[in-house]
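Notes follow the structure.
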Amino acid sequence: MGVVILGIESSCDDTSAAILKDGVVLSNVIASQKVHEAYGGVVPELASRAHQQNIIPVVAQALKQAGISENEVNAVAFTRGPGLLGSLLVGTSFAKGFAIAKQIPMIEVNHLQAHILANFIKEPGVESRHPKFPFLTLLVSGGNSQIIIVRDYLDMEVIGQTIDDAAGEAYDKCAKVMGLSYPGGPVIDRLAKEGNPERFTFNKPNIPGLDYSFSGLKTSFLYFIRDEIKNDPDFIQHNLNDLCASLQKTIVDILMAKLKKAAKQTGIKQIAIGGGVSANSGLQKAVYAEGARLGWEVFIPRLGFSLDNAGMVAVTGYYKYLASQFIGLEAPADARMSLRKI
Ligand code: KG4
């Protein structure tokens, strides 16, 4: 009999459930919350209410798509953190209720570790490539910008991280300054394709080691726009594509500089990127181009597995299941769960 894992993800504004059987993800259902668009960012209270509405239908759909019954599930893996506490509580409470009802073990999953292990997702009938250990991951999302050495599925270490804002936050906040919708990353990415990336230059941070900083960029972007609007009230509309392209180039340059430094320092040429910003076309192009130049082998999960999803939680749960790493019912949701060393 094979191992069947139910994965649950509810750390931010996506409610997701996935079914994995023997290392293969059979279903990955994601309900994204549209309610936040009107506010230009995620509203925590609204997010947890939407998770409560979504969680049961999403799990039912994941089971149905996979052709698996509730009674066939051997363990439930859930994101225990980091994320928004109210959101995490919904997934954590659901996992506990399911585990009690079915008398099966629970597996806690760190959301960041799950983004990294998304690189090991296998789907039925899909040929997939996976990184070899040790590899480096650039993990870039709305809440994190980190460089991690991955020595094994359950052995990883953060060697660089942002000291303030995350790259996705820089995208989202600069998009808000330009009056674009939330989340701003995909919108800027689309408009950037039509613009001139050399038209404007923005400050790049000077941070030692492998750490990142994005708060200065956001502030300099805001002040630049304010100054230009004094001369031309329609400055944003007249220059939108060039602004997006120049901003995107700056963010990608900042991300790539530290990734290249990390690869050089460690001598590692297996390079993966993960998290929502890894869907960015400019970043993907830069990683492939530098990869070809520097002899890297590059790995990027497909879109459905790079944004928040439960497939990555289920695959992390699978490796923890094989290592018998279970957790008791007393485990609380942990909004600040760290990945410094796993
Ligand atoms: O990993 P994710 O879905 O959620 C967490 O933050 O955990 O990442 C969401 C972030 C948002 O900041 C969004 O703007 C950004 O990923 N993002 C992108 C793109 N797609 C999503 N940023 C730049 N370009 C994209 N194509």
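The values are calculated or read from the model by the stated rules, or taken from the named source; none is laboratory data. Source: prediction; values computed, not measured. Cβ atoms come from the backbone with ideal geometry, glycine included; neighbour counts cover every protein chain shown. Keep in mind that these areas ignore ligands, DNA and RNA; they rest on the heavy atoms of the full protein, side chains included. Shrake-Rupley method; radii C 1.70, N 1.55, O 1.52, S 1.80 Å.
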Which value, in debye to the nearest 20, describes the size of the charge dipole of the stretch 135-300 about its Cα centre when Lys and Arg Cβ atoms bear +1, Asp and Glu Cβ atoms bear -1, and nothing else is charged? 320 debye
Any chance you could tell me what percent of the C-alpha pair distances in the chain go past 25 Å? 52 percent
Could you name the lysines in cross-link range of Lys34, using Cα to Cα under 19 Å and dropping any fewer than eight places away on the same chain? Lys173, Lys176
DSSP bridge pairs, the stretch 135-300: antiparallel proportion in percent, nearest 5: 60 percent
For the stretch 171-248, which trypsin sites (Lys or Arg not before Pro) pass both filters: DSSP loop (anything but H, G, I, E, B) and at most 16 other C-beta atoms within 10 Å? Lys193, Arg199
Estimated vicinal HN-Hα couplings, Hz - the stretch 10-21 in sequence order (Karplus 6.51, -1.76, 1.60; Gly, Pro = x): 8, 6, 9, 10, 10, 9, 9, 9, 9, 10, 10, 10
Considering amide H positions built from the backbone, and no H for Pro or chain starts, which residues 5 or more places from Ser27, or on another chain, come under 5 Å of its amide H? Ile19
At 0.692 mPa s and 37 °C, Stokes D of the stretch 135-300 from Kirkwood alpha-carbon radius, µm² per second: 203 µm²/s
Could you check how many percent of all C-alpha pairs in the stretch 249-342 are farther apart than 15 Å? 71 percent
Result for the chain: accessible area per residue, probe 1.4 angstrom, in square angstrom, of 43 Å²
Heavy-atom accessible surface of the chain: percent carbon and sulfur, 1.4 Å: 52 percent
Counting only DSSP loop positions in the stretch 276-340, the trypsin sites (Lys or Arg not before Pro) whose Cβ has at most 14 other Cβ atoms within 10 Å are Arg302, Arg336, Arg340
Would you mind counting up the charge near Asn309? Only other residues with Cβ under 13 Å from its Cβ, with Lys and Arg at +1 and Asp and Glu at -1. -4
Which entries of Lys204/Lys320; Lys218/Lys261; Lys204/Lys269 show an alpha-carbon separation above 32 angstrom in the structure shown? Lys204/Lys320
Using θ = phi - 60° and the Karplus relation 6.51 cos²θ - 1.76 cosθ + 1.60, list the HN-Hα couplings for the stretch 74-88 in order, rounded to whole Hz, with x at every Gly or Pro. 8, 7, 10, 9, 9, 6, 8, x, x, x, 7, 4, x, 5, 4
Across Gln161, Gln65, Gln237, the residue with the highest GNM fluctuation in the chain (Cα network, 10 Å cutoff) is Gln237
Percent of beta bridges antiparallel (DSSP, the chain, rounded to nearest 5): 60 percent
Unit charges on C-beta of K, R, D, E only; dipole of the chain, Debye: 620 debye
